[in-house]
Amino acid sequence: MHPSRRPLIAGNWKMNTTLADAHILADGVRQELEHEEKVDVVLCPPSIWLGFLAERLGPGKVAHVSLGAQNCHPEMKGAYTGELSTEMIKEVADYVIIGHSERVQYFHEKPDFLLHKIEAAFRAGLTPILCIGEVEQVAGSTKKLVQELNHIVRSLTHAQLEQLVVAYEPVWAIGTGNVATPEYAQEVISLLRTVLTEKTRILYGGSSNDENARGLLAMPDIDGFLVGGASLKLKSFVTMVKIADQLA
Ligand code: PEP
């Protein structure tokens with residue numbers, strides 16, 4: 001972490017939780033993290049729960065705890081069955097995850113489509129969390145990743161690049177327990193920063209949890225986490241935020 005950037009920890013619940021689970025988790029986060037004001041906490045439940053959780057945590061409710069959607073569509077409205085526009089999401093959330101590797105893998109989302117989603121997020125006043133990461137650790141994969149990121153963000157303004165949140169998520173580390181070493185994550189993230197700005201917050205994602213958080217956050221370019229599995233465990237998620245708050 002670097003003192004010039006505010007830490008951010010986002011929990012991606014994916015397609016998990018009942019409505020009752022969602023309330024328990026969100027209430028727990030709000031109660032346990034009331035005083036951890038140095039960290040931006042973002043909960044990304046299944047979209048269908050956003051409206052319910054927004055009653056307690058939505059835009060303007062608890063300053064440092066916000067809601068985010070897991071996906072959006074780039075168009076404002078129209079015949080896109082099953083999709084949600086950024087204007088709709090903005091009614092109940094402040095952030096949106098874009099380009100998660102599961103959407104790239106299962107729904108074949110392409111870089112230009114992701115750029116349109118980022119633009120739509122900014123138009124609606126949402127903060128996009130753009131995910132990027134190599135599928136395998138092979139020679140040249142980091143260079144390719146930097147080019148890929150540059151391709152996606154190339155037409156954004158400097159101010160938008162500063163507001164954008166990027167999550168470096170090596171696909172081989174997601175849900176595998178095979179977390180990247182702090183040194184490896186730092187090296188890749190510092191290279192990704194060369195096509196962003198000094199103010200852009202860059203998160204690490206991939207099997208992060210309360211046990212490895214401290215080592216990763218000790219790295220100067222890692223500004224927080226996008227958390228999958230551990231975000232469904234209240235104690236683990238809360239501990240990660242408390243560690244970031246102590247180090248901030
Ligand atoms: C993710 O899916 O974005 C993720 C980081 O998952 P996990 O923490 O479970 O590896």
Taking segment 142-204, which GluC sites (Glu not before Pro) meet the DSSP loop condition and have no more than 14 other C-beta atoms within 10 Å? Glu198
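Run the dipole for segment 33-156 about the Cα centre, Lys and Arg Cβ at +1, Asp and Glu Cβ at -1, nothing else charged, and hand back the magnitude in debye, nearest 20. It would help to have the intermediate numbers written out before the result.
Details: 12 positive and 17 negative charges, 54 e Å.
The calculated dipole for segment 33-156 is roughly 260 debye.
Calculated from DSSP H runs of 4 or more alone, at -39500 (n - 2.57) each and per residue, what is the 222 nm mean residue ellipticity of the chain, nearest 500?
Numbers: 10 runs with 101 residues, N = 248.
It comes out at -12000 deg cm²/dmol, rounded to the nearest 500.
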Pull up the DSSP beta bridges for the chain and report the antiparallel fraction as a percent, rounded to 5. 5
Karplus couplings for segment 177-191 from phi (6.51 cos²θ - 1.76 cosθ + 1.60, θ = phi - 60°), rounded to Hz, Gly and Pro as x? x, 8, 5, 5, 6, x, 5, 5, 4, 4, 4, 5, 5, 5, 6
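Among 74-84, 131-141, how do they line up by average Cβ neighbours within 10 Å per residue, starting with the highest?
Details: 74-84: 11.1, 131-141: 15.3.
Ranked by mean Cβ neighbours within 10 Å, highest first: 131-141, 74-84.
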Among Asp94, Asp27, Asp223, residue whose mean-square fluctuation peaks in a GNM of the chain (springs only between Cα atoms under 10 Å): Asp27
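Treating only the Cβ atoms of Lys and Arg (+1) and Asp and Glu (-1) as charged, compute the dipole magnitude of the chain about its Cα centre; round to the nearest 20 debye. Intermediate values should be presented prior to the final figure.
Details: 23 positive and 30 negative charges, 41 e Å.
Taking the Cα centre of the chain as origin, the dipole is about 200 debye.
Relative contact order for the chain: what is it in percent, counting Cα pairs under 8 Å that are at least 6 residues apart? Display every interim value, and only then the final one.
On the way: 484 pairs, mean separation 58.8, N = 248.
Contact order relative to length: 24 percent.
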Lysine pairs in the chain with alpha-carbon atoms under 21 Å apart, 8 or more places apart or on different chains: how many are there? 18
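Using Cα pairs closer than 8 Å and at least 6 residues apart in sequence, work out the relative contact order for segment 87-206, in percent. Each step should come with its number before you reach the end.
Working: 164 pairs, mean separation 31.4, N = 120.
The value is 26 percent.
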At q = 0.08, 0.09, 0.10, 0.15 1/Å the base-10 log of I(q)/I(0) from the Debye formula over the alpha-carbon atoms of the chain is -0.26, -0.33, -0.42, -1.01
Karplus couplings for segment 20-30 from phi (6.51 cos²θ - 1.76 cosθ + 1.60, θ = phi - 60°), rounded to Hz, Gly and Pro as x? 5, 4, 4, 5, 5, 5, 5, 5, x, 4, 4
Rounded to the nearest 20 debye, what is the charge dipole size of segment 1-57 about its Cα centre when +1 sits on each Lys and Arg Cβ and -1 on each Asp and Glu Cβ? 260
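No lab work stands behind these numbers, since they all come straight from the coordinates. Computed from a predicted structure; not experimentally measured. Note that we place each Cβ from the backbone using ideal geometry, even for glycine, and neighbour counts take in every protein chain shown.
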